[in-house]
1. Residue by residue through the range 37-59, note down the ones that are surrounded by fewer than 21 Cβ atoms within 10 Å (Cβ to Cβ), in a loop (DSSP other than H, G, I, E, B) and either at positive phi or in contact with a strand residue (DSSP E or B) (Cβ under 6 Å, 6 or more places away or on another chain) (or both).
2. Condition first: under 15 Å from residue 66 (Cα atoms), of a type outside the set (A, V, I, L, M, F, W, C) and buried (at least 16 other Cβ atoms within 10 Å of the Cβ). Now tell me which residues in the range 104-153 satisfy that.
3. Of all residues in the range 163-185, which are in contact with a helix residue (DSSP H, G or I) (Cβ under 7 Å, 6 or more places away or on another chain) and closer than 18 Å to residue 127 by Cα?
4. With respect to residue 176, determine if the residue is out of contact with any Pro (no Cβ under 7 Å at 6 or more places or on another chain), surrounded by fewer than 23 Cβ atoms within 10 Å (Cβ to Cβ) and in contact (Cβ under 8 Å) with a residue 40 or more places away in the chain.
5. On the given criteria, is residue 133 of a type outside the set (Lys, Arg), in a loop (DSSP other than H, G, I, E, B) and modelled with pLDDT under 95?
6. Taking the range 188-214 only, how many residues are in a strand (DSSP E or B), within 16 Å of the chain's Cα centre (by Cα) and within 13 Å of residue 170 (Cα to Cα)?
7. Pull up the range 74-102, narrow it to residues that are over 16 Å from residue 51 (Cβ atoms) and part of a strand (DSSP E or B), then point me to the one that is most open to solvent (accessible area, probe 1.4 Å).
8. If residue 21 meets every condition in (1) at pLDDT below 95; (2) open to solvent by 10 Å² or more (accessible area, probe 1.4 Å); (3) not small (Gly, Ala, Ser) apart from one, which number is that one?
Amino acid sequence: MFTTLAKVANAAFAIALGAALLGTGAGASQAQSGPPVLGGGSGIVIDSMFECTLTTVGYDGAGRLVGLTAGHCGDAGASVAAESDRGFGEIGRFAYSNSDLDYAVIQFTPGRITPVNRIGNVTITGVGGPAQFPTIVCKEGRTTGNTCGITWGDVFQTNTETWTQMCVVEGDSGAPVVVGSTLVGMVNAYLAVACFGPEVGTNMNSIMNDINARGGVGSGFRPV
């Protein structure tokens, strides 16, 4: 998806696309009592190197506790830790990563997290279709927290992506994009300038359709 977007953006605007919003800072964390609390908007650390944001946490049709994030955050088999308590160790692994739609499914190890539906100022109660212009959407990212902006829509008519005017920077990859408490997309990239350039993300209905068609871990997903 982002190779195509980069080509289109360069041709149309002669500027580069910030495609991988991976954080790489050491970050500080504090030990917690019990498993770390995680939900859509929580920071995660992949393979002890890269920082991204969880899109949502829930259960699949087989009862497995799973989460979603951006696909460029890691490949299948990558280890996941909670940014809020790195010392707690591994909490799960990437079960599947899709580079075309840029989403990934994480399978959490039983008992290693406490799943919640609210992080910061974002609560997720369900999944819905993409936002349309001029709807105001909001996101919760591990780097920039809660920011909101206008929806531009499916600028390049991909049927899978939505552009918005929200502040996102490195580490916000995977952040949940919501209308009210409905999850409509995830953060994947920005155009030109961090925080000022438009944000682009994959629509949740496209992700859900792909997960369910593929089967396996994540199929039949529902948020906690």
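The values are calculated or read from the model by the stated rules, or taken from the named source; none is laboratory data. Since this is a predicted model, take the numbers as computed values, not measurements. A quick note on method: Cβ atoms are made from the backbone with ideal geometry, for glycine too, and the neighbour counts reach across all protein chains shown. In case anyone asks, the SASA skips ligands and DNA or RNA and just uses the protein heavy atoms, side chains included. Shrake-Rupley method; radii C 1.70, N 1.55, O 1.52, S 1.80 Å.
1. 47, 48
2. Result: 107, 112, 115, 117.
3. Once the filter is applied, which keeps residues that are in contact with a helix residue (DSSP H, G or I) (Cβ under 7 Å, 6 or more places away or on another chain) and closer than 18 Å to residue 127 by Cα, the range 163-185 yields 174, 183, 184, 185.
4. The answer is no for residue 176.
5. no
6. Qualifying residue count, the range 188-214: 3.
7. The extreme case among them is 93.
8. (2)
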